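Have a look at the structure below before the remarks.
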Amino acid sequence: MLNRTQVIKRIIYALALLGVNVLVSFAAMLAFLLLLFRDDPILAAVPALLALPAIVLQPWFLVFIFVPNGMIIAPLLTSIITIFVYGWLYSGGTLDRPMRFLLRLKTRKTLAVAGGFVLLAAAVAVARYMDFPAAHHGTPPYVSVSGLNVTDSRYYCLGQFIDSAWLWQARVPESDLAGLSEKFGLGPLDRNDVPDAFRSMPPYWWHPSITERTRVLSTPSFPMDGRGPDGRHFLATWNTDDQVLHVWIKNNF
């Protein structure tokens with residue numbers, strides 16, 4: 001018969017386990033969404049690696065996470081099964097050796113390694129959010145520059161699913177700017193109409209300089225805010241000094 005202290009302790013352990021599994025569920029779903037929407041496997045791997053140890057110790061978690069309402073039911077059902085499975089293993093003495101090993105790990109060095117791993121994961125996530133180093137070279141999907149002299153080209157996915165949005169930077173000589181404008185249907189735009197969001201995009205290499213010498217081009221009625229109508233929309237700046245082109249692309253279904 002359990003006394004009151006033991007009951008309270010077990011309730012605290014169960015709630016702590018549930019809390020951990022809530023975080024694991026969030027991390028696993030975040031990894032899946034990042035892989036699906038951001039086209040960056042390394043960025044998606046960061047939350048996946050943080051969730052991996054708990055998933056390895058509770059493989060039945062994978063049964064629940066992708067069912068309808070998995071984000072809600074997976075932590076609860078996983079925690080219930082874990083309590084019964086590990087309770088049964090503990091009562092049979094199977095966990096004695098792993099528990100002795102874990103007790104030896106309760107040192108400052110272990111905590112320092114765990115903290116270092118978390119900081120490293122956070123640093124990788126920030127680096128990938130800023131696209132450092134650049135992951136994609138060439139042109140974004142749906143963009144063709146055949147016949148044009150385009151160099152030092154790289155791009156970044158802002159998001160994709162049914163609609164998609166991209167940033168593209170490349171070096172384009174002035175002689176090919178007219179051909180590129182014709183290919184994409186670009187026309188002149190007043191530089192004062194360029195939104196602040198265009199200047200403050202995530203990639204570390206995205207630094208459009210808009211001066212009096214900058215040419216600003218756009219497809220008709222580029223949606224500065226929000227989704228905008230269906231179709232492919234472009235907002236671009238090109239500088240005479242360095243001949244660098246910056247393009248914000250919205251490809252709406």
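The values are calculated or read from the model by the stated rules, or taken from the named source; none is laboratory data. The model shown is predicted, which means the values in this text are computed figures rather than measured ones. Reconstructed Cβ throughout: ideal geometry from the backbone, glycine too, with neighbour counts over all protein chains shown. In case anyone asks, the SASA skips ligands and DNA or RNA and just uses the protein heavy atoms, side chains included. Shrake-Rupley method; radii C 1.70, N 1.55, O 1.52, S 1.80 Å.
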Task: the range 64-81, residues that are polar (S, T, N, Q) and closer than 15 Å to Leu15 by Cα - done: Thr78, Ser79
Open item on the list: Can you find a residue that is surrounded by 15 or more Cβ atoms within 10 Å (Cβ to Cβ) and of a type in the set (D, E, K, R) anywhere in the range 2-13?
Closed with: no
Task: Within the range 192-210, tally of residues that are in contact with a strand residue (DSSP E or B) (Cβ under 8 Å, 6 or more places away or on another chain) and at pLDDT 90 or above - done: 10
Open item on the list: For the range 192-209, which positions are within 31 Å of the chain's Cα centre (by Cα) and either in contact (Cβ under 8 Å) with a residue 40 or more places away in the chain or farther than 25 Å from Asp131 by Cβ (or both)?
Closed with: Asp193, Val194, Phe198, Met201, Pro202, Pro203, Tyr204, Trp205, Trp206
TODO: Select the strands (runs of 3 or more DSSP E) contained entirely in the range 142-242, then report the ones holding at least 3 residues which are open to solvent by less than 40 Å² (accessible area, probe 1.4 Å), touching a Leu at 6+ places or on another chain (Cβ under 9 Å) and not β-branched (Val, Ile, Thr).
DONE: 151-160, 164-171, 231-239
Task: Residues satisfying the stated conditions in the range 96-141, i.e. open to solvent by 60 Å² or more (accessible area, probe 1.4 Å), free of Cβ contacts under 8 Å to residues at least 24 places away in the same chain and within 19 Å of the chain's Cα centre (by Cα) - done: Phe117, Leu119, Leu120, Val126, Pro133, His137
- [ ] Take the range 36-57 and flag every residue that is open to solvent by 70 Å² or more (accessible area, probe 1.4 Å), without any contact (Cβ under 8 Å) to a residue 40 or more places away in the chain and over 21 Å from Ile80 (Cβ atoms).
- [x] Pro41, Leu52
Task: Counted residues, the range 58-95 - those being closer than 30 Å to Arg128 by Cα, in a helix (DSSP H, G or I) and either touching a residue at least 24 places away in the same chain (Cβ under 8 Å) or of a type in the set (D, E, K, R) (or both) - done: 6
- [ ] Among the residues of the range 142-187, write down those that are hydrophobic (A, V, I, L, M, F, W, C), over 19 Å from Pro208 (Cα atoms) and over 30 Å from the mean Cα position of the chain (by Cα).
- [x] Leu148, Ala178
Task: Failed item, numbered, when Asn252 is tested on (1) surrounded by 13 or more Cβ atoms within 10 Å (Cβ to Cβ); (2) closer than 20 Å to Ser146 by Cα; (3) among the polar types (S, T, N, Q) - done: (2)
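Each row is one residue, and each column tells you yes or no for (1) in contact with a Phe, Trp or Tyr (Cβ under 6 Å, 6 or more places away or on another chain); (2) in contact (Cβ under 8 Å) with a residue 24 or more places away in the chain; (3) farther than 25 Å from Asp40 by Cα; (4) not charged (D, E, K, R).
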site	(1), (2), (3), (4)
Tyr155	yes, no, no, yes
Ile162	yes, yes, no, yes
Arg215	yes, yes, yes, no
Ser221	no, no, yes, yes
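For the subset of the range 211-228 comprising residues that are over 26 Å from the mean Cα position of the chain (by Cα) and closer than 16 Å to Ile249 by Cα, which member is modelled with the lowest pLDDT?
We begin by selecting, within the range 211-228, every residue over 26 Å from the mean Cα position of the chain (by Cα); these are 211-221.
When the remaining residues are screened for being closer than 16 Å to Ile249 by Cα, the result is 216-221.
Values: Val216: 96, Leu217: 96, Ser218: 96, Thr219: 95, Pro220: 92, Ser221: 84.
Here the residue is Ser221.
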